[in-house]
Structure formats: C-alpha cells, structure tokens
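Below is one structure, written out as structure tokens, with a few remarks after it.
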Amino acid sequence: QVQVVESGGGLVQAGGSLRLSCAASGSIFNINAMGWYRQAPGKQRELVTDITSGGNTNYADSVKGRFTISRDNAKNTVYLQMNSLKPEDTAVYFCRADVQLRPGSVTYHYWGQGTQVTVSS
C-alpha cells in the first residue's frame, strides 16, 4: 500500500505565502513524477505544477513566477512554495505521486486527501 499525505494548507491574506508539503510512503520502488493539483468549488481539478524525478518542472500559466515546486527524492517528498497568493488561488490542493511498486512495473497514480488553501482579499 502507498499513502500520500499533504500538509501546510491554511488561511492567508492576499499577497502572503504558504508552503505545502506532500510525503509518499509505503511499498514504493520508485516515484516518477509528483505533482500538485487544485480544485476550487464548482470547478474541475486542474494541474498546478509537477516535477519529474530528474527535476524537470511544469507550471500552469496562472502560477508561473509565483509558485515553486521542489522535491526531495530521498524522502519521497514534494513541496510547493506559494508566494504572492491571490484570492483566486483558493482551492483544495491535492498531491499526486506516480509510483512504481516494483522494478519494471507499470506506474500507478496515488492521490492525497487534499489540503485547503484559502486566500482572503
């Protein structure tokens, strides 16, 4: 079994910062990409940013220059530093880990339970 747990959400004023963390644990052979998604009320879940095991990153246009993803492969952990937060960043943020359970196996997507980020104006 694999567990993915996010932490670090909360309430912040516009212009402020938050740092989210996501740790994957369990029977893991290898983690390929890890990423952050978000879902606002009444909207579909969207990709915010992701990072490969080699450190290549991808960002949604709406967060470029404000959010930074980083990763500690030894700890199976990914971080999201969010600066210059806006009210429209308010959402539940979910972490996804693309996990291989054994050598040569397919990659499975595991999701965390989500953490609420609320940005007040």
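Observations on the model:
- Residues of region 18-45 satisfying the condition of being in contact with a strand residue (DSSP E or B) (Cβ under 6 Å, 6 or more places away or on another chain) and not in a strand (DSSP E or B): Ile28, Phe29, Ala40, Arg45
- Residue satisfying condition, being in a strand (DSSP E or B) and over 17 Å from Thr118 (Cβ atoms), within set Val48, Val5: Val5
- A count restricted to region 78-99 and to residues that are open to solvent by 10 Å² or more (accessible area, probe 1.4 Å) and part of a loop (DSSP other than H, G, I, E, B) stands at 4.
- Within region 54-77, the set of residues being part of a strand (DSSP E or B), surrounded by 13 or more Cβ atoms within 10 Å (Cβ to Cβ) and either of a type in the set (D, E, K, R) or touching a His at 6+ places or on another chain (Cβ under 8 Å) (or both) comprises Arg71 only.
- Inter-residue pairs, beta-carbon under 6 Å, first on the phi > 0 side of the Ramachandran plot and in region 17-33, second open to solvent by less than 50 Å² (accessible area, probe 1.4 Å) and at pLDDT 95 or above, 6+ apart: Gly26/Val2
- Among the residues of region 17-52, those identified as open to solvent by 60 Å² or more (accessible area, probe 1.4 Å) and among the basic types (Lys, Arg) are Arg19, Lys43, Arg45.
The values are calculated or read from the model by the stated rules, or taken from the named source; none is laboratory data. This is a predicted model, so every value here is computed, not measured. Virtual Cβ from ideal backbone geometry, glycine too; neighbours counted across all protein chains shown. The accessibility values were calculated without ligands, DNA or RNA, using every heavy atom of the protein model including side chains. Shrake-Rupley method; radii C 1.70, N 1.55, O 1.52, S 1.80 Å.
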